[in-house]
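Below is one structure, written out as structure tokens; comments come after it.
The values are calculated or read from the model by the stated rules, or taken from the named source; none is laboratory data. Nothing here was measured: the structure is a model prediction, and the numbers come from that model. FYI the Cβ positions are ideal-geometry reconstructions off the backbone, even for glycines, and counts take in every protein chain you see.
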Amino acid sequence: MTAAPPVRPPARPVPAAHRPLGGAGRLLRLEVRRNAMLWTLPLAAVLFWVLTFRQSMAYPPLWNVRAMTMQATGVAVFAPTVVGAAAWVGSREGRHGMADLVVGTARPRWIRQLAAWAATTGWAIVAYLGCVGALYGATVWQGAWGGPLWWPAAVVAASLPAFAALGFAAGALRPSRFTPPLIAVAAFLALELSAQFIHGDRSYWQISPLVAGPWEIGPDAGVAIFHPYLPDLPIAQVAFLAGLTAVLLGLLGLPAGSGGRWLRRGAAAITAAGLLAAGTAVALAGTGRLDAHGMITISALHDKADDRPIRYTPVCSQPPIPVCLHPAYASSLPVVTAALEPVLDEVAGLPGAPIRIDQAAATYEQESGNGVGIRAEGPPMSGPSPVYRLLLPNQLPGPTLTSSELVVAVRTNIGRDILADVVGVGRSADPAQQAVMAAILNTVDAETDPQVAAAAARFAALPAAARRAWLVEHLAALRAGNITLARLP
Amino acid sequence: MLAALVPAGSVGPRLRPGLRMARLHLASRRVSAALAAVAACAVALRVALHWHWDAYGALQLPLIFETACAAAIAVTTASPFGEPERATGRWLPILRLGAVLALAAAAAGALAAAGTGAHLAGGTLEVLRNTAGLTGIGLLCAAMLGGALAWTGPTVYLMIAVYALYTQWHGPALTTPWIWPARPSDDTGAALCAGLVFGAGTVLITMRGARDSVART
């Protein structure tokens, strides 16, 4: 007979309320599982695909354009969906007439509300991260130069808790079946209104999370390529959104019955801190100004290190006159080279012709109202061995050009400029100079003067080698204005 | 059902029980709150039209208020009674139809009146078309998702329509008549699409009512 082994008494379960974050975690888990935001996730995803993903994919794979587009449209997509769903969740106890029933639960009302808000926010952030991950992943896959711009993504992420807090507060304070739709549409209207009031670069309304740069020019391929993306305005926007979130959540904890004395004091402190943060951020946004690189800079938040240009190795075409572009625009190099080839082949080695063509950064200047002046940084020609500095049409705001449109724009503007330097005139050329330029640029049909057109057609009909030989021999006279139309071969 | 609704001894003219039933139906759907929301939208639109808007903002503005009205109308379809109400008589579809038509007419009329004498982009015809179409989307959503979540349809459609308006400036333009707010007010195809959606939503909500099994969240 052997003695039975001693039986250890079962460990006494620790009450959930005594485990660190046990009760709160369980409450949060329940809210996560039964949250109305889950129902709107497919809608948000579809909207993101229709309004943001498709539009961004229509742009060339440039981080600046895609990230800035994503910020504006992402905020617009998630604002009504998150606000509406949060209002639905926030009004739950009131709509079901359960306010009295849940008064006796273990957790104060404010804590229960915070758990529901956190669950709503969590699902919204999960959906957003999936959407932005798909967009950024596709951009990486397409070989965009440089790294992702995280500040625009951070602004949208910071707006989600604020939207959820707005909807939740509206739903909790005014529980009705009409609250979710009306507050969702009102939030969208408020966003659109905020953009209407932006006038110039010192506007307080730039604090709106829709704004990713100078509002009037929108997503611009010319910024954040040669110089870093400035985090000044995004920092102010994130601070504003965090402050707004704190104010809205704090307000929920202020009424009697939302919790004990210390809890309500905590809510008051959060509200005050939020007001301070939001007010400061708005004031900072009002001190913004458009810098020469096309970004909004705020002196109190500005880091001088961000003014240094980004180092890069240009991608160049083959001689006779190499065309060198920033690697972010490498996909445009074949098109630009093809557009300039007829001009460069004719003028290479001639006096006044460049030895290389480099892409220049765009420089920006605030004009009256929302006007913004954009030009190439530095003089067009520089150095003892002339280097022509070009500003690609794709660096300017506006619709993305197709390849054929880009060819026409480059040949018409940049090709004409280079040729004008060789022929020795500005835009006001004499008839012979006009005819030579029209023949080389292949714009004979656009000439309005029939005599110039006839001479240009005659010159254009010559073999390229013959035209070049004539130019080598007669360029000095042509530049001096001593060639008449009749002397053109 | 009528007999149950009419207290004993209070039988008056023949119309009185019908009117009382209609009033109770409207009260159960919170129609008065919906009318208040419609009136608030009209007042807000009127106030907003006093400001100067750029072309893009001017086109968006009425659309946003039309969406708010349509969402409010769609939300009224939610029934607090569910199955018991469906079993009570044959008048329910007529009551649903009457409520929807009256609210849609009130919304279109209020918004059109708000634009009288001001520069309302698209004019009254566009208000009528957009409100009808958006209401139709809300009613279809109510039939499929339930009255409580019916607002999601018009709200989502609003964002797509705003994007379509944006593409009129920053192409490629979305020109399908199914996105009618981005089409001119005299576009027949857009009017037909909006009318079709409104008709489908009205028929569905009249015959079946809003779906009861809404998310119990």
Taking segment B:36-58, which residues are within 11 Å of chain A (Cβ to nearest Cβ) and in contact (Cβ under 8 Å) with a residue 12 or more places away in the chain? B:Ala37, B:Val38, B:Cys41, B:Ala44, B:Leu45, B:Ala48, B:Tyr56, B:Ala58
Quick one: which residue in A:Ala86, A:Ala72 is farther than 25 Å from A:Met295 by Cβ and either modelled with pLDDT of 95 or more or not hydroxyl-bearing (Ser, Thr, Tyr) (or both)? A:Ala86
Specify the residue that is surrounded by the fewest Cβ atoms within 10 Å (Cβ to Cβ); the eligible residues are those in segment A:319-340 that are within 26 Å of A:Ile225 (Cα to Cα) and over 31 Å from the mean Cα position of the chain (by Cα). A:Pro319
Only one of A:Ala272, A:Ala190, A:Ala246, A:Ala195 that is modelled with pLDDT of 95 or more, part of a helix (DSSP H, G or I) and under 28 Å from B:Thr152 (Cα atoms): A:Ala246
Kindly establish whether A:Pro148 is in a loop (DSSP other than H, G, I, E, B), under 29 Å from B:Ala142 (Cβ atoms) and touching a residue at least 12 places away in the same chain (Cβ under 8 Å). no
Does A:Pro108 satisfy being over 19 Å from A:Thr179 (Cβ atoms) and either among the small types (Gly, Ala, Ser) or surrounded by fewer than 23 Cβ atoms within 10 Å (Cβ to Cβ) (or both)? yes
In segment A:165-213, residues that are among the charged types (D, E, K, R) and either closer than 17 Å to B:Ala44 by Cα or touching a His at 6+ places or on another chain (Cβ under 9 Å) (or both) total 1
So, in segment A:171-197, how many residues would count as being within 11 Å of chain B (Cβ to nearest Cβ) and closer than 30 Å to A:Gly286 by Cβ? 14
Flag if A:Ser208 is among the hydroxyl-bearing types (Ser, Thr, Tyr) and at pLDDT below 90: no
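Within segment A:322-382, which strands (runs of 3 or more DSSP E) (wholly inside it) include 3 or more residues that are closer than 19 Å to A:Pro309 by Cα?
Details: elements: A:323-325, A:356-359, A:362-366, A:372-376.
Qualifying strands (runs of 3 or more DSSP E): A:362-366, A:372-376.
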In segment A:401-435, which residues are under 17 Å from A:Arg389 (Cβ atoms) and of a type in the set (A, V, I, L, M)? A:Ala409, A:Val410, A:Ile414, A:Ile418, A:Leu419, A:Ala420, A:Val422
For segment A:431-489, how many residues are basic (Lys, Arg) and more than 48 Å from the chain's Cα centre (by Cα)? 2
Looking for whichever is surrounded by 14 or more Cβ atoms within 10 Å (Cβ to Cβ), of a type outside the set (A, V, I, L, M) and touching a residue at least 24 places away in the same chain (Cβ under 8 Å) here; the options are A:Gln395, A:Gln434. Which one fits? A:Gln395
Qualifying helices (runs of 4 or more DSSP H) (wholly inside segment B:82-198; at least 1 residues being within 14 Å of another protein chain (Cβ to nearest Cβ)): B:92-114, B:123-145, B:152-169
Restricted to segment A:49-71, and to residues that are of a type outside the set (Val, Ile, Thr) and within 10 Å of chain B (Cβ to nearest Cβ), which residue is surrounded by the fewest Cβ atoms within 10 Å (Cβ to Cβ)? A:Arg54
Condition first: assigned to a helix (DSSP H, G or I) and crowded, with 17+ Cβ neighbours inside 10 Å. Now tell me which residues in segment A:275-288 satisfy that. A:Ala277, A:Ala278, A:Ala281, A:Val282, A:Leu284, A:Ala285
Run A:Phe226 past the list (1) surrounded by fewer than 23 Cβ atoms within 10 Å (Cβ to Cβ); (2) touching a helix residue (DSSP H, G or I) at 6+ places or on another chain (Cβ under 8 Å); (3) touching a residue at least 24 places away in the same chain (Cβ under 8 Å) and report the number of the one that doesn't hold. (2)
A:Ala236 being surrounded by fewer than 22 Cβ atoms within 10 Å (Cβ to Cβ), at pLDDT 95 or above and among the aliphatic types (A, V, I, L, M): no
